[in-house]
Amino acid sequence: MKRLKWALPVTASLFLMAGCGDSDEVTNQPSEAPVEDEANSDNNSMYTFDKFELDVDYTDVNDAIKVDYEKETNSTEASYERKEDDLNLNGDEAMQELDSLFGQLNFDKDTPDEEVLNQIKATFNVEDARSIEADVTFTDGTEKEYRE
């Protein structure tokens, strides 16, 4: 009887903890996301990358633009912050916004760094930044850093 008395509160606590998951988790994947090359179809990626992190600093604003996207085997996490627009999105809302932006990026691991940075600046409307840092993990596992 004593065991039964504790079973209900313990079970309820486990459900509560499971329900308080990561707010960056995407539950509704975009259905019409572009697939830029055949390598993406091998691992079900919607883009040429599985991980994309971007941090843009201006002279007077650190982390003016911050993007975190990571596609894993069974889940995707996304967040998008743009301070000048008071935009701070997580999960599905972030993914909805990022999907349209990522659709404009068409670089791969072999694209010259300068071209990648130019695409990122054009896509995210970055002008006169003090620094731009992008970390990308491509669908084949290649990791690259882009800095300016």
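Only the coordinates and a few stated rules stand behind these numbers; no lab work does. The structure presented is a predicted model; accordingly, all values stated were derived computationally and were not measured. Cβ atoms come from the backbone with ideal geometry, glycine included; neighbour counts cover every protein chain shown.
Indicate the gyration tensor shape class of the range 69-134 (rounded, prolate or oblate), computed on the Cα atoms with a ≥ b ≥ c the square roots of the eigenvalues: a/c under 1.5 is rounded; otherwise a/b larger than b/c is prolate and the rest oblate. Each step should come with its number before you reach the end.
On the way: a/c = 2.13, a/b = 1.19, b/c = 1.80.
Taking the square roots of the gyration eigenvalues as a ≥ b ≥ c, the range 69-134 is oblate.
Net charge in the neighbourhood of residue 71 (other residues with Cβ under 9 Å of its Cβ; Lys, Arg +1, Asp, Glu -1) is -3.
As an exercise, identify the GluC sites (Glu not before Pro) in the range 109-143 lying in DSSP coil whose Cβ has no more than 10 other Cβ atoms within 10 Å.
Passing sites in the range 109-143 are 127.
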